[in-house]
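Please treat every number below as a calculation from the coordinates, not as lab data. Owing to the predicted nature of the structure, the values given are computational and were not obtained by experimental measurement. Positions of Cβ are generated from backbone atoms using ideal geometry, with glycine treated the same way; all protein chains shown enter the neighbour counts.
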Amino acid sequence: MRNGAKSAELIRFCNLSGSRVVGGLTKLIGHFKNLYQLDELMTYCDLEWSNGDNFKKLGFTEIETSTPTEFIINLNTWQRTHYSQFRNKNDWDIRNKDDYQTVLNMGSIKFIKYFNEK
């Protein structure tokens, strides 16, 4: 976020399986920008699902790419927990239990769409 800029984050966008809204994300962003008078909108692209080309086509600027991140998956609940939540060695050793699996994602790209550029 730039100093003093009014910013928001697009956390998730998806379509109903088997359906498509032509220009849906563009329309959503435009309405949200006007409703909240935004200067910029930030989002992340998970590299496991996309290379971010669609965000670039919508005018987003690539800011940075993160390295792969380690998560712990509870195989009973499928809850995903970032490794940083395990504060001490005893918590961290949970990775070796049968009910848990350690996984690495592929990283992500941070994008920002700037409105009202001068």
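Between the Cα long axis of helix 24-36 and the first principal axis of the chain there is an angle of about 80°, rounded to the nearest 10.
Kirkwood radius for the range 7-114, taken over all pairs of different Cα atoms as the inverse mean of 1/r, rounds to 16.3 Å.
Taking amide hydrogens as placed 1.01 Å from N in the peptide plane, the amide H of residue 6 sits under 5 Å from those of 39, 40, each at least 5 positions away in sequence or on another chain. What the phi angles of the range 64-70 give under the Karplus curve with 6.51, -1.76 and 1.60, with θ = phi - 60°, is a coupling list of 7, 10, 8, 6, x, 10, 8 Hz, glycine and proline written as x.
The mean sequence separation of alpha-carbon pairs under 8 Å and at least six residues apart, normalised by the residue count of the chain, gives a relative contact order of 33 percent. If only the Cβ of Lys and Arg carry +1 and only the Cβ of Asp and Glu carry -1, the dipole of the chain around its Cα centre is close to 440 debye.
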